[in-house]
Amino acid sequence: MSTRKTQMSTRQAVVATATAFFRVDVIEEANYPISFAMRLLGVVAPLIPFFFISKLVGNSPEVGGDYLTFTVIGLAMTALLTAAMVGFGNTLQQSFQRGTMETFLIEPVPWTAIPLAMNQWQVMNGLIYTVLLMGAGWVLGAHYQLGGVGAAILIALLGITAGLAIGIVSAAVLLLTLKSTPVIRIYDIAASLLAGSLFSVAQLPGWAQALSVVLPHTYVINGVRTALMADPGSYEISLTRAVVSLGVFDVVVFAFGIWLWRRTLEYSRKIGLLGGY
Amino acid sequence: MSSTGGYARIVVDELTKVYEPSPLWMRALVRTNIKEPVHALNGVSFTVGTGEIVAVVGPNGAGKTTTFKILVGLTTPTAGSASVMGFDSIRESVEVRRSIGWMPGDHRSLLMRHSVIENLRFHGRLQGMSGQPLIRKIRETLEMVGLERRARSNGFSLSAGMLARLQLARALLHDPEILILDEPTGAVDPVAAHDLIQLIKEIVAERGMAALISSHRLEEIETLDSRVLLLDHGRIRYDGRLDELRRIWDKPTLQIGFRSTASADAAAQTLKEAGFASVSRKDGSVTFPLESGVSHADVLARLRGQIEDMTDLSESHRPLQTVLAELYRTDPEGSEGGGPTGAQPGNSGQVSPVSRRERARPADLRGDEGAADPASVEGGEEVER
């Protein structure tokens with residue numbers, strides 16, 4: 001501990017950045033508890049209609065004979081991935097609008113650490129939404145195979161990394177254009193449809209099924225169903241395939257995202273965009 | 001060494017920045033509307049030494065912000081270099097950012113939904129400070145800027161003056177060697193702005209820092225009473241003391257009162273014949289601009305026949321704003337058609353006082369054939385002022 005800035009190692013700088021951003025985000029959230037509570041309610045409320053729909057759909061083999069559990073997992077994983085994916089873009093855009101971005105960039109921390117540090121609370125929100133949705137689903141009658149919890153957590157973590165990677169790519173574009181969230185929103189909707197969050201991918205036409213194979217959402221949603229449901233339905237992805245596919249995706253896209261973020265920052269620096277929002 | 005002889009903490013050498021338009025294929029994507037290259041800086045050089053405050057002044061588009069952005073690493077120069085505490089602003093950007101205390105004019109750069117303490121704690125942690133020592137340092141800094149009683153207040157509840165002080169506290173918290181203040185009093189009322197500038201002066205002197213400060217408020221620049229860097233179209237038009245700038249550029253007006261209108265008429269005639277320009281007469285007084293290098297003694301010598309009829313003599317100065325406006329209106333290349341400037345680009349853009357005075361003096365006061373005699377002009381200046 002010191003009062004005087006000492007030469008921080010890169011690791012120390014990354015940790016300092018992460019803790020500093022996390023703290024301010026948590027304090028800001030704590031200052032507006034009603035807003036936070038309403039947001040949580042907004043996440044859980046859509047589950048109610050699906051509870052009643054599950055009564056109508058019944059025990060279709062397409063959804064493993066348990067539409068409620070099938071849908072709860074789909075919604076929970078989509079919420080988690082969306083939070084990881086759009087969180088940084090939203091926070092970045094907010095910091096442009098508030099005028100704080102310039103000050104962040106003038107701090108002596110690695111610029112690469114900023115996207116991850118700014119997104120921590122958003123990811124934490126995603127985890128809270130997921131736990132809340134899964135819990136609410138359980139209260140409404142969803143069934144989970146407890147033996148698959150470990151595998152589900154692993155797939156969810158790989159999914160978060162995938163979401164972060166896509167989010168960083170999107171944020172790199174945002175840095176230049178100031179508007180990229182509509183694009184990622186469209187991607188998010190498309191992914192939740194193609195990945196089968198509310199219905200089985202097997203019910204999609206052939207060309208849509210082919211597209212769904214390249215989306216990390218498909219592996220996260222269906223991988224977690226495989227882990228937690230006794231019968232994941234007509235579109236089953238093995239745990240090994242889910243883990244390997246997501247691992248490859250994470251390594252490639254995350255590395256690309258960081259590279260693109262740095263290149264975009266350098267380009268923005270050159271053309272004078274930084275600090276001029 | 002800096003221009004003032006101290007250790008140079010900021011060194012800017014032939015800094016040039018051209019904002020190039022993005023390639024055509026990228027224009028739909030990139031949010032800039034530059035279609036032609038914009039020359040923001042054109043070979044700017046200066047140094048700032050220990051304990052020195054340099055006020056950077058210039059109209060919009062002069063290059064102030066670009067200079068600051070290069071120094072803090074937010075943009076890169078096209079040519080030339082900038083270093084802070086010996087660290088290159090581009091290659092060693094992290095070290096530079098550690099050495100600088102930055103205060104932007106816009107208080108939106110603060111975390112407005114957070115308390116004063118949280119704003120400083122956030123900054124301190126990013127600067128590598130932590131724990132009780134950080135808390136102690138925050139307390140000391142808040143006392144220094146007079147915000148200790150508002151430590152728990154939220155950003156939204158602070159006045160513009162307090163927000164400016166909070167920004168100053170943030171800039172000072174990590175004991176930087178350099179302060180860069182970009183229009184620090186932009187949103188502050190004149191009294192609070194004056195107090196803030198005084199505080200900045202005291203802190204810079206006490207800590208032996210080097211400070212660059214930009215401002216549109218000329219009264220502030222006068223309060224600073226420091227070295228001034230006048231930027232215009234990416235070039236330095238003047239680099240020196242403000243009082244020297246005024247001495248060179250100001251054209252005070254001399255008003256002489258007489259007992260009678262007839263005496264005033266006679267005096268006006270005498271002055272016109274002696275080569276004084278723009279002599280006007282109203283009631284019993286004569287008014288005319290006193291060119292540089294012309295002393296009261298010179299005038300009185302010309303009017304020795306009317307001295308007994310004089311009732312009073314007063315000299316008034318033009319506002320600094322007028323002086324600078326005239327300077328900026330002149331040709332930066334220093335051509336004859338550019339007005340009475342003598343401003344020379346390059347070599348830190350220092351204005352040549354001698355050429356200015358020599359050209360401005362009434363013909364019959366210059367000596368034989370109006371030949372330039374810098375020594376005598378300087379001598380006359382010293383005697384009078």
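Bear in mind these aren't lab numbers, they're just calculated from the coordinates by the rules spelled out. Predicted model only: the values in this text are computed from it and were never measured. No Cβ is skipped: glycine too gets one built from the backbone with ideal geometry, and neighbour counts run over all protein chains shown.
Principal-axis analysis of the Cα atoms of chain A puts helix A:10-31 at an angle of about 70° to the longest axis. Sorted fewest first by neighbouring Cβ atoms within 10 angstrom, B:Glu183, B:Glu36, B:Glu273 come out as B:Glu36, B:Glu273, B:Glu183.
Treat the count of other C-beta atoms within 10 Å as a stand-in for reagent exposure and order B:Asp312, B:Asp243 from fewest to most.
Details: B:Asp312 9, B:Asp243 12.
With the fewest neighbours first, B:Asp312, B:Asp243 line up as B:Asp312, B:Asp243.
Counting alpha carbon pairs within less than 8 Å and at least 6 residues apart, what relative contact order, in whole percent, applies to the range B:79-196?
Numbers: 151 pairs, mean separation 44.5, N = 118.
Reported relative contact order: 38 percent.
Principal-axis analysis of the Cα atoms of chain A puts helix A:216-228 at an angle of about 50° to the longest axis. Rg/Rh for the range B:128-249 stands at 1.02; both radii use Cα atoms, and Rh follows the Kirkwood definition.
For a footprinting-style exposure proxy, rank A:Val139, B:Val294 by other Cβ within 10 Å, fewest first.
Values: A:Val139 11, B:Val294 26.
Arranged by neighbour count, lowest to highest, A:Val139, B:Val294 become A:Val139, B:Val294.
Students often get this wrong, so check it: of B:Lys137/B:Lys201; B:Lys69/B:Lys137; A:Lys270/B:Lys69, which have C-alpha atoms separated by over 18 Å? Those over the limit are B:Lys137/B:Lys201; B:Lys69/B:Lys137. Kirkwood analysis of chain A, using all unique Cα-Cα pairs, places the hydrodynamic radius at 19.8 Å. Rg and Dmax of the range A:163-246, both derived from C-alpha coordinates alone, stand at 14.3, 47 Å.
For peptide A:94-106, compute the average count of partner chain beta-carbon atoms within 10 Å of each residue's beta-carbon.
Values: counts 0, 1, 0, 1, 6, 7, 6, 1, 9, 14, 3, 5, 16.
Counting Cβ atoms of other protein chains within 10 Å of each residue's Cβ and averaging gives 5.
Considering only A:Pro108, A:Tyr32, A:Ile168, and ranking their Cα positions along the charge dipole of chain A that arises from unit charges at the beta-carbon of Lys, Arg, Asp and Glu, the one farthest toward the positive end is A:Pro108. For chain A, the longest principal axis of the alpha carbon atoms and the long axis of helix A:67-98 meet at an angle near 20°.
Within 10 Å of the Cβ of each residue in B:69-79, the mean number of Cβ atoms contributed by other protein chains is 4. In chain A, helices alone account for a calculated mean residue ellipticity at 222 nm of -25500 deg cm²/dmol, with every DSSP H run of four or more residues adding -39,500 (n - 2.57).
Rounding to the nearest 20 debye, state how big the charge dipole of the protein assembly as shown is about its Cα centre with +1 on each Lys and Arg Cβ and -1 on each Asp and Glu Cβ. Don't skip to the end; give the middle numbers.
Numbers: 61 positive and 64 negative charges, 484 e Å.
That gives a dipole near 2320 debye.
Residue by residue through B:166-178, how many Cβ atoms from other chains fall within 10 Å of the Cβ on average? Walk me through the numbers on the way to the answer.
Details: counts 0, 1, 0, 0, 1, 1, 0, 2, 5, 3, 1, 0, 0.
That average works out to 1.
Taking chain A as a Gaussian network of alpha-carbon nodes connected by springs under 10 Å, the highest mean-square fluctuation of the residues A:Gly126, A:Gly42, A:Gly64 belongs to A:Gly42.
With R₀ set to 22 Å, the beta-carbon distance separating A:Thr177 from B:Val18 gives a calculated FRET efficiency near 0.45. Across A:Ala20, A:Ala165, A:Ala117, mean-square fluctuation computed from a Gaussian network of chain A (C-alpha pairs under 10 Å connected) peaks at A:Ala20.
Mean separation of Cα pairs under 8 Å and 6 or more residues apart, divided by the residue count, gives the range B:1-150 a relative contact order of 22 percent.
Relative contact order for chain A: what percent, with Cα pairs under 8 Å and sequence separation of 6 or more? Don't jump to the answer; show the numbers that get you there.
On the way: 359 pairs, mean separation 72.9, N = 277.
Relative contact order here is 26 percent.
For B:Arg227, the residues 5 or more places off, or on other chains, whose built amide H falls under 5 Å of its own are B:Ile53, B:Ala55.
Treating r as the C-beta distance of B:Asn60 and B:Leu313 and R0 as 51 Å, the FRET efficiency rounds to 0.80. Between A:Lys55 and A:Leu146, with labels modelled 7 Å along Cα→Cβ, what's the label distance in nm to one decimal, could you check? For A:Lys55 paired with A:Leu146, the spin-label model returns 2.9 nm. Distance from the alpha carbon centroid of the range B:134-195 to that of the range B:236-272 works out to 43 angstrom.
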